[in-house]
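Undergrad: Just passing along the structure, written as structure tokens.
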Amino acid sequence: MAYHPEIVDAELANRLSATGAVVIEGPKACGKTETARRAAASEVLLDVDANARRAIAIDPALVLTGPAPTTH
């Protein structure tokens, strides 16, 4: 199935260029993760990567080494 850009994609790009970080909120299974992944250059899966969770607790810079923007 082909992806069709949504209004939120342009809004997300605009907000990221202005602030560098955003929070995407919404109900379960509405496309938050996929929207973020389309805008991201790298990602850290804190929900499944215990090492990343431990590292971020010590120093967030340890897991923010990939290209920006990064999804978490």
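Undergrad: Grab the other residues whose beta carbon is less than 10 angstrom from that of residue 38, score K and R as +1, D and E as -1, and report the net.
TA: Values: positive: 37; negative: 6, 9, 34.
Local charge sum for residue 38: -2.
Undergrad: Separate question: Per residue and in cubic angstrom, what volume does the convex hull of the Cα atoms of the range 32-72 have?
TA: Details: hull volume 2.4 nm³, N = 41.
Taking only Cα atoms, the range 32-72 has a hull volume of 59 Å³ per residue.
Undergrad: Could you tally the net charge around residue 65, taking each other residue with its Cβ under 14 Å from the Cβ of residue 65, Lys/Arg +1 and Asp/Glu -1?
TA: Numbers: positive: none; negative: 43, 49, 59.
With Lys, Arg at +1 and Asp, Glu at -1, the neighbours total -3.
Undergrad: Estimate the FRET efficiency between residue 30 and residue 59 by the formula 1/(1 + (r/R0)^6), using the beta-carbon distance for r and 35 Å for R0, to the nearest 0.05.
TA: Efficiency, rounded to the nearest 0.05: 0.60.
Undergrad: Tell me, what does the Kirkwood hydrodynamic radius of the chain come to in angstroms if you use every pair of distinct C-alpha atoms?
TA: 13.4
Undergrad: Along Cα→Cβ, 7 Å out, is where each label goes; now give me the distance between the ones at residue 17 and residue 51 in nm to one decimal.
TA: 3.6
Undergrad: Angle, helix 7-19 long axis vs. longest principal axis of the chain, Cα atoms, 0 to 90°, nearest 10?
TA: 40
Read-outs: derived from the displayed coordinates by stated rules, not from any lab. Because the structure is a prediction, the values reported are computed rather than measured. No Cβ is skipped: glycine too gets one built from the backbone with ideal geometry, and neighbour counts run over all protein chains shown.
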